[in-house]
Amino acid sequence: MAEIKKADGFIDWLDQRLGVKKLTKVLMTEYWIPKNINFLWAMGVVLTALFTILLVSGIFLLMYYKPDANMAFDSVNYTIMQEVAYGWLWRHIHAVAASMIFVILYIHMFVAIYYGSYKRGREMIWVSGMLLFVTFSAEAFSGYMLPWGQMSYWAATVITNLFGGIPFIGNDVVEWIRGNYVVADSTLTRFFMLHVFLLPVVIMILIVVHFYSLRIPHVNNQEGEVFDFEAEEKKYIEGKKKDSKVIPFWPVFLSKDIFVICTFMIFFFYLVCYHYEFAMDPVNFDPANSLKTPTHIYPEWYFLWSYEVLRGFFFSANLGLIAFGIAQVIFFFLPWLDRSQKVAPAHKRPLFFIWYWLMIIDLIVLTIFGKLPPEGNSIYIGFVASIAFLFLFLVALPVITIMERNKNGGAKC
Ligand code: HEM
């Protein structure tokens with residue numbers, strides 16, 4: 001056994017047993033972040049804060065929620081919203097945080113795309129981030145079912161039906177997911193388990209993997225500049241803080257992040273108190289009724305773009321399903337669809353810059369039309385926007401980035 005000396009304080013006592021000083025160095029005071037970044041790099045920490053809010057508010061809701069098709073609606077709309085002291089506040093916090101986490105996830109993703117933070121050694125950061133995105137989507141979808149309102153029921157019916165498109169085994173898969181021929185109590189209980197246990201655990205593991213994957217390639221910076229981190233760390237430790245291109249995670253970087261989190265929280269609680277309705281669908285205040293289909297079924301706003309890709313191919317359900325399948329996975333492959341290894345902000349990559357903004361506009365158009373009923377000209381606009389989405393990722397991106405690579409002398413790196 002290692003020699004244990006008389007401790008000169010509590011920290012020293014812990015350090016001799018758990019190595020807390022080394023751990024603090026590795027994780028905090030000697031974890032280096034580039035100086036040349038802006039407030040958009042705080043979104044990762046805002047996401048961590050929002051996830052914590054979701055966990056805490058979720059635990060309070062769990063104390064009164066009943067995962068039973070006959071009681072779920074009342075447990076949310078009467079018990080939590082009207083009978084339990086401040087139950088409404090926890091519900092509003094949970095619903096607004098669920099919507100806001102997608103706003104911030106999209107900002108975080110599109111900032112990474114803008115600055116090329118997904119490539120040249122950062123592929124695993126991107127892939128672990130995408131796994132987080134998919135798991136969050138499943139978490140949001142399973143949560144949407146729990147109030148057992150009309151939209152919960154019918155969105156679950158439509159989305160689980162999609163698996164029926166899998167060749168040969170589709171119908172069996174749908175039945176397996178639902179635990180019944182139709183969406184029923186068995187579906188609610190298994191989605192409840194996923195929402196409160198399995199998916200949150202997977203998310204926590206993935207967050208650790210995501211943070212770990214940042215460790216070796218390090219966080220990118222506004223210019224995509226590559227520099228010797230060890231040499232810059234040395235300068236900082238030697239006291240040449242101004243000359244060094246890096247800052248320690250704690251206390252310097254995190255104190256700036258905490259400022260961004262506090263500013264964000266003012267806006268967040270303003271929404272919770274005054275505009276929570278944007279995070280809740282009015283149709284979901286009617287109890288689930290398997291005999292009454294709502295006139296227009298749509299998912300939450302953050303899934304609308306991919307839902308529109310599905311509906312865009314209005315003349316063929318199979319084509320729609322294939323396009324939808326591609327839309328679900330295409331972002332995973334971004335580091336390899338982008339054939340240029342140049343890491344630089346989009347405004348320094350002219351063709352990529354145009355591609356980037358066309359992609360954002362297309363996603364906005366898909367989101368708007370995903371919410372509208374599929375009638376009249378909307379159908380054709382949805383179709384064009386869906387084709388444009390596939391074209392932008394499968395054709396335009398590889399082509400323009402190959403052109404960019406050739407212009408830069410053809411070098412891959
Ligand atoms: C709850 C979900 C997530 C959390 C808590 C999280 C957290 C973080 C944190 C703390 C950072 C470092 C600082 C920063 O750039 O903000 C980071 C970086 C990064 N994240 Fe995430 N992230 C999440 C989801 C995602 C998603 C969905 C993607 C997209 C696929 C993604 C891709 C990236 C990339 C590429 C970087 C590197 C940025 C750079 O090097 O400049 N993350 N993330």
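The values are calculated or read from the model by the stated rules, or taken from the named source; none is laboratory data. These figures come from a predicted structure and were not determined experimentally. Virtual Cβ from ideal backbone geometry, glycine too; neighbours counted across all protein chains shown.
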Q: State all residues of segment 158-195 that are under 25 Å from E308 (Cα atoms) and in contact (Cβ under 8 Å) with a residue 60 or more places away in the chain; if no residue qualifies, say none.
A: V158, I159, L162, G165, V182, V183
Q) What about Y118, is it assigned to a loop (DSSP other than H, G, I, E, B), out of contact with any Gly (no Cβ under 7 Å at 6 or more places or on another chain) and within 16 Å of the ligand (Cβ to nearest atom)? A) yes
Q: Go through (1) surrounded by 12 or more Cβ atoms within 10 Å (Cβ to Cβ); (2) within 16 Å of the ligand (Cβ to nearest atom) and name the single condition V201 misses.
A: (1)
Q) Which pairs do you get when a residue that is more than 16 Å from the ligand (Cβ to nearest atom), found in segment 84-102, comes within reach of a residue that is outside any helix (DSSP H, G or I), reach meaning Cβ atoms under 7 angstrom, with the pair 6+ apart or on two chains? A) V84/Y64; G87/Y64; A95/M280
Q. What is the number of the single condition among (1) modelled with pLDDT of 95 or more; (2) out of contact with any Gly (no Cβ under 6 Å at 6 or more places or on another chain) that H195 does not meet?
A. (2)
Q. Somewhere in segment 167-180, is a residue within 16 Å of the ligand (Cβ to nearest atom) and outside any helix (DSSP H, G or I)?
A. no
Q. Has segment 386-395 got at least one residue that is closer than 25 Å to T295 by Cα, modelled with pLDDT of 95 or more, assigned to a helix (DSSP H, G or I) and touching a Phe, Trp or Tyr at 6+ places or on another chain (Cβ under 9 Å)?
A. yes
Q.
Based on this model, can you work out whether F110 counts as surrounded by fewer than 19 Cβ atoms within 10 Å (Cβ to Cβ) and either under 27 Å from P217 (Cα atoms) or more than 8 Å from the ligand (Cβ to nearest atom) (or both)?
A. yes
**Q.** Residue list for segment 346-385, restricted to those being in contact with a Gly (Cβ under 9 Å, 6 or more places away or on another chain), surrounded by fewer than 17 Cβ atoms within 10 Å (Cβ to Cβ) and closer than 30 Å to F227 by Cβ
**A.** K348
Q) Of all residues in segment 251-270, how many are over 23 Å from the mean Cα position of the chain (by Cα) and surrounded by 15 or more Cβ atoms within 10 Å (Cβ to Cβ)? A) 1
Q: Within segment 129-140, track down each residue that is more than 9 Å from the ligand (Cβ to nearest atom) and either farther than 18 Å from L105 by Cα or crowded, with 21+ Cβ neighbours inside 10 Å (or both).
A: E139
(Q) Between a residue in segment 42-69 that is within 8 Å of the ligand (Cβ to nearest atom) and any residue that is not in a helix (DSSP H, G or I), which pairs come within a Cβ distance under 9 Å, given they are 6 or more apart or on different chains? (A) G44/V219
**Q.** Residue tally, condition surrounded by fewer than 17 Cβ atoms within 10 Å (Cβ to Cβ), hydrophobic (A, V, I, L, M, F, W, C) and not in a helix (DSSP H, G or I), over segment 181-198
**A.** 2
Q: Output the residues belonging to segment 56-68 that are in contact with a helix residue (DSSP H, G or I) (Cβ under 7 Å, 6 or more places away or on another chain) and surrounded by fewer than 19 Cβ atoms within 10 Å (Cβ to Cβ).
A: F60, L62, Y64, K66, D68
Q.
Looking only at residues that are touching a Lys or Arg at 6+ places or on another chain (Cβ under 8 Å) and of a type outside the set (V, I, T) in segment 181-195, which one is nearest to the ligand (Cβ to nearest atom)?
A. S186
Q) Applying the selection to segment 257-291, what residues are touching a residue at least 12 places away in the same chain (Cβ under 8 Å), charged (D, E, K, R) and closer than 25 Å to K371 by Cα? A) D281, D286
Q. When only residues in segment 70-103 that are surrounded by 17 or more Cβ atoms within 10 Å (Cβ to Cβ) and among the aromatic types (F, W, Y) count, which is nearest to Y270 (Cα to Cα)?
A. W90
(Q) If I filter segment 121-128 for residues that are modelled with pLDDT under 95, part of a loop (DSSP other than H, G, I, E, B), under 22 Å from the mean Cα position of the chain (by Cα) and farther than 15 Å from F331 by Cβ, do I get at least one hit? (A) yes
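This table checks each residue for (1) within 13 Å of the ligand (Cβ to nearest atom); (2) within 22 Å of H108 (Cα to Cα); (3) of a type outside the set (D, E); (4) touching a residue at least 24 places away in the same chain (Cβ under 8 Å).
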| position | (1), (2), (3), (4) |
| --- | --- |
| F197 | no, no, yes, no |
| I205 | yes, yes, yes, no |
| Y212 | yes, yes, yes, no |
| H218 | yes, yes, yes, yes |
| E223 | yes, yes, no, yes |
| D228 | no, no, no, no |
| K235 | no, no, yes, no |
| K242 | no, no, yes, no |
| V246 | no, yes, yes, yes |
